[in-house]
Structure formats: structure tokens, C-alpha cells
Amino acid sequence: TRSTRPQRMLKAVQKKATKGDPESVISAIDYFCKHSEWAMNVGDEKGSILDSVVTEVNPSTVLELGTYCGYSTVRIARLLSPGTKFITLEFNPANVTIARQIIAYAGLQDKVTVVEGSSGDLIPQMKERFGITTFDFIFLDHWKDRYLPDIKLFEECGLLRKGSVLLADNVICPGAPEYLEYVRNSPRYESRYYPAHLEYTKVEDGLEKSVFLE
Ligand SMILES: O=C(NCCNC(=O)c1cc(-c2ccc(F)cc2)cc(O)c1O)c1cc(O)ncn1
Ligand SMILES: [Mg+2]
């Protein structure tokens, strides 16, 4: 049967990238998406903004929602200090399999734990299952209609501390209007919009960075 796009992406990484070299894995995926098949990775333009926020925060605990094929997982993991706890959640088991192979090809398998399941089920388990008290940095890139319920879940589960940074992809395209309204109007967050474009296109999109205040 016909291969899937994530499988073809993995093949492109194995063909073009250098094992153990995260930069070459990132470049191979961007090349694949620009010249072969579009895919919903955060991409190079928004990826550079992600890099700068991760570097600025220099987090000790990181959570990513929506691993997909592991592109942003590799972008984040390559910047983390040794000993950082990094967890990424993915709903789709086929994507988990591909992401683990792409992350391992980059040599970053010891820096991140890929967990299969839905964010709504897994977020309340973070403390007991992974020994997390609070997250310093959270990257939201999963189902856009889960952004708002999940940020409320973070608050309810006591997973945010003063200064926790949340960075949300796709707040314009496909869009997360209820999430934007919430973080921009809540007195508990300081929010800033980073304009960019939908990965590998000229369509308007951007990232919203929100800092938890108490
Ligand atoms: O995480 C799950 N899906 C990917 C979420 N991400 C996206 O949907 C996404 C979509 C787009 C996008 C933009 C324009 C367009 F025309 C088509 C797609 C871009 C992005 O940058 C994304 O991040 C998921 C799956 C599932 O079955 N159950 C639970 N979660
Ligand atoms: Mg995205």
C-alpha cells in the first residue's frame, strides 16, 4: 500500500541528513516540505522565532503538545541544557513511530520523552507519571480547538508558575480565536504576537507568546 507523508519525510531525512546532526535533520525536512510535499511542521520562519524564545527562557522543564513528525521537537531539544526534562505528547500512534525515528536520527533521543495519548488525558498525569511540578516552557501545536481547554487544564492542575512561558503555533492559520481572546484578555497573562507566515507558504500566520503572571 502507498506510504504515508510522514514515512516519506523520514525517508528523506535518512537519505539527506547526517546521523547525529540536528541541523541537517531540520534542513532535510524543510527541503522536503519546500520541494516535495508540504507538511504541517512549524517550519523555518516560525522555527527561528521558536528557537529565540526557547533560548531566552532556557527552561528546565518543557512540554510540547503535538509532536507530529518531531521537527519542532528536534528544534527545541537541540537548544536545551543537559538535565532538562522535555516531554512531547502526540495523539496519533503512526506519528509517534515516525517522530521517535526522526528524533533518534538527530541523536536527541535521550533529551526528550515522546508520549502517546491525548493532551486532555495526559496533562493531569504529568505530576504523578513524570515527576513534574511546573513547566517553564510549553509549545502548543496540536489540535487548535484544544489550546483553550488545555491552558485551563494547566491552571487547574497547578502546572504553571510565575513566569511560565506558553508559545502557541497557528493562532491565525488554521487559527485559535478563543485561545487568543482568553490569553489577551486575562489579567493572569502577558501576551505578545509574533507575525510570520504559515510554514512554507506566503499565507499569514504567527505565534502567540503568553507569560503566566501568578
Ligand atoms: O495534533 C494533531 N494534529 C496536528 C495539529 N496541527 C495542525 O492541525 C496544524 C495544521 C496546519 C494546517 C494549516 C493550513 C492548512 F491548510 C492545513 C493544515 C498547520 C499547522 O502548523 C498545524 O500545527 C492531532 C491529530 C489528531 O488526530 N488528534 C489530535 N491531535
Ligand atoms: Mg503548527
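Every number here is computed from the coordinates shown, using simple stated rules; none is lab data. Note that this is a predicted model, so its numbers are computed, not measured. Virtual Cβ from ideal backbone geometry, glycine too; neighbours counted across all protein chains shown.
Expressed per residue, the C-alpha convex hull volume of the stretch 85-206 stands at 123 Å³. Expressed to the nearest 5 percent, the antiparallel share of DSSP beta bridges inside the stretch 108-214 is 75 percent.
Where the alpha-carbon atoms of the stretch 113-158 are placed on the principal axes, they occupy 27, 22, 18 Å, in descending order. Take 27-39, 68-80 and order them by the average number of nearby Cβ atoms within 10 Å per residue, most first; the result is 68-80, 27-39.
Based on Cα contacts under 8 Å between residues 6+ apart, the stretch 93-213 shows a relative contact order of 22 percent. Note on the chain: dipole from Cβ charges, positive end direction compared against Ser52, Pro187, Ala106; the farthest Cα belongs to Ala106. When +1 charges are put on Lys and Arg Cβ atoms and -1 charges on Asp and Glu Cβ atoms, the dipole computed for the stretch 124-214 relative to its Cα centre reaches about 240 debye. Classified by the C-alpha gyration tensor, the stretch 61-126 has an oblate form. Its axis ratio a/c, with a ≥ b ≥ c, is 1.5 or above, and a/b does not exceed b/c. Approximating the spin labels as points 7 Å out from Cα along Cα→Cβ, the Ser48-to-Val203 distance works out to 2.2 nm. Quotient of the Cα radius of gyration of the chain and 2.2 N^0.38 Å, N being its number of residues: 0.96.
Averaging 1/r across all pairs of distinct Cα atoms in the stretch 8-96 and inverting the result yields a Kirkwood radius of 13.6 Å. Summed over all non-identical Cα pairs, the Kirkwood treatment of the stretch 165-214 gives a radius of 11.0 Å. Taking 0.36 nm per residue of separation and subtracting the current Cα-Cα distance, fully stretching the chain between Arg188 and Thr18 would add 56.8 nm. Each eigenvalue of the Cα gyration tensor of the stretch 1-53, multiplied by 5 and square-rooted, gives one semi-axis; in descending order these are 20, 14, 8 Å.
Residue ranges 199-212, 158-171 sort as 158-171, 199-212 when ordered by packing (mean number of other C-beta atoms within 10 Å per residue, highest first). Think of each Lys and Arg Cβ as +1 and each Asp and Glu Cβ as -1; about the Cα centre, that makes the dipole of the chain roughly 660 debye.
DSSP beta bridges fully contained in the chain are about 45 percent antiparallel.
Scanning residues 5 or more positions from Leu207 or on other chains, those with amide H under 5 Å from its amide H are Tyr194, Ala196, with H placed 1.01 Å from N in the peptide plane. Each Lys and Arg contributes +1 and each Asp and Glu -1, all at the Cβ; summed about the Cα centre of the stretch 1-93, the dipole is approximately 480 debye.
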